[in-house]
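To start, the structure itself, in structure tokens.
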Amino acid sequence: MSIDWKLEVEKRKEDLLADLFTMLKIESVRDESIATAEAPLGPGPKIALDKFLEIAERDGFETLELDGLAGHIEFGEGDETLGVLAHVDVMPAGKGWDTDPFEPVIINDRIYARGSSDDKGPGIAAYYGLKIIKELGLPVSKKVRFIIGTDEESSWRGMTHYMEKMPKPDFAFSPDAFFPIINGEKGIASIELKYAGTNGDAAKLISFESGLRTNMVPRDAEAVVEGLALADVEPAFAEFVAANPITGEIVERDGQLFLSVIGKAAHAQEPRLGENAGTYLATFLNQFNFGGAAANFIKVASENLHGDSRAKGLGLEFTDEIMGDLTVNPGIFKFVAGEEGSITLNFRYPKGIDVQEILAGLEKLVAPMDVTLTLDGHAQEPHYVSPEDPIVKTLLGVYNKQTGSNETGKVVGGGTYGRLLERGVAFGALFPETENTMHQANEYMPLSDLFRSAAIYAESIYELIK
């Protein structure tokens, strides 16, 4: 039986777009400060989860909602279960958008909205792949569970809860990364360097703030300083901004200088794709005579972290032949005079090095500075699935067939739900030639990518369960 998967998507593209727009309009950012018993991660993720399940129920699927944290869409029968693991939560929108991030628009055949490429666009595309199989009445020999998480962008509480309460799929893919296929993911660990809020007698750092989440390169940074004259600082700041890929502003109010820098946000899995506003601002301030913990805070951000995604300045440079480089993203900076300061580092590390070695290296660096280190409990070990595994061969085969490519598997610094299973991988939906705007302002997904990924997902799911 020959099926034109692209034609089947074409028949449903208006419905696909309508459902995607519905999902994109939901501001599904995790916010536990307004959590309830029914919405333990805040209302946004729960609304998005319920809406996705409602769409599936409309289409005749059986669904399950699990404690406001996760849910699934079920199809087929069989002794084995394929998992399709997506998420409906999104990163905070941040600044710098040219359109409303939660009012999706199509401009030049691109859908602009937060979540368009991470992960609502790919998630809906994969769902429509499953929907096509159901509507065509194709025979299957395995079960599919399309499992939906609600906090992939933070602590994975939703999907972890699901995997603890429900039987795990036998094998799975997550439509939450890149094509052709991701069969290896680096380990992930976030470590906070905590400083006192002290200053010296000369220049004083009153406050410093940059970053929204550890898994984003900070786009914006702001600092307030005292003890420096505007006439001395302003020309140097203008020269610094002009010499670097940033914009900035400095103003004086009531004897204090307010400095701000705008860089470029990016996903922390490859910090080189962004311009870290926090380390740029610290690098500028490092020339002035700060003291106390403020001086150490600025020094580490400038001398040990700026422009150094491979952690050479931390003494932690490491490369594995298969999984590649260890990377570090300084994701969040905060300093309040008289209180405390902190820098949170997000590491993506290959096999061959572990979290304890990373901590030991940091402890050696900060030992003279009276800095405490705290490891985020959500650390994840490196994950790798053999290229010979049938799920890798099948998915890669469909991708190469539909695109006319001859690609092989990849290893990335990103973390997807695929790593929750021994035979779990990430599969799409960002194509190699498409700009990566995940976690950035003006995030978008090309319409052509949306539709061709749906066709790839449809054939791939069918090949795995027929």
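Quick notes on this one:
- Formal net charge of residues neighbouring ALA86 (Cβ-Cβ distance under 12 Å; K, R +1; D, E -1): -3
- HN-Hα J in Hz across segment 383-394 - Karplus 6.51, -1.76, 1.60, θ = phi - 60°, x for Gly and Pro: 9, 8, 10, 4, x, 8, 5, x, 5, 5, 4, 5
- Here the simple spin-label model places points 7 Å from the Cα toward Cβ, and for SER405 and THR372 these points are separated by 4.7 nm.
- Charge context of PRO368, other residues only, Cβ under 14 angstrom, K/R +1, D/E -1: -1
- Of the GluC sites (Glu not before Pro) found in segment 1-76, those in coil by DSSP whose Cβ has at most 10 other Cβ atoms within 10 Å are GLU38.
- Coil-residue chymotrypsin sites (Phe, Trp or Tyr not before Pro) of segment 68-143, DSSP, other Cβ within 10 Å capped at 11: none
- The chain, helix-only ellipticity at 222 nm - DSSP H runs n ≥ 4, -39,500 (n - 2.57), divided by all residues, nearest 500: -9500 deg cm²/dmol
- Pairs beyond 18 Å (Cα-Cα), from LYS120/LYS168; LYS204/LYS334; LYS410/LYS466: LYS120/LYS168; LYS410/LYS466
- The trypsin sites (Lys or Arg not before Pro) found in segment 285-355 that occupy coil by DSSP, while having at most 14 further C-beta atoms within 10 Å, are LYS312.
- DSSP bridge pairs, the chain: antiparallel proportion in percent, nearest 5: 80 percent
- Most positive-pole-ward Cα, GLY424, GLY338, GLY255, against dipole of the chain from beta carbon charges: GLY424
- For semi-axes √(5λ) of the Cα gyration tensor in Å, the value calculated from this model appears in (1) 58, 33, 19; (2) 32, 26, 21; (3) 43, 23, 20 under label (3).
- Neighbours of ALA311 by Cβ distance under 15 Å: Lys/Arg scored +1, Asp/Glu scored -1, total -3.
- Database remark: amide H of ILE332 closer than 5 angstrom to the amide H of THR344 (H placed geometrically; neighbours at sequence offset of 5 or more, or on other chains; Pro and chain starts carry no H).
- Computed about the Cα centre, the dipole magnitude for the chain is approximately 720 debye when only Lys and Arg (+1) and Asp and Glu (-1) carry charge, each at its Cβ.
We did not get these values from a lab; they are worked out from the coordinates using the rules stated. Fair warning: this is a prediction, and the values are worked out from it, not measured in the lab. Note: ideal-geometry Cβ built from the backbone for every residue, glycine included; neighbour counts use all protein chains shown.
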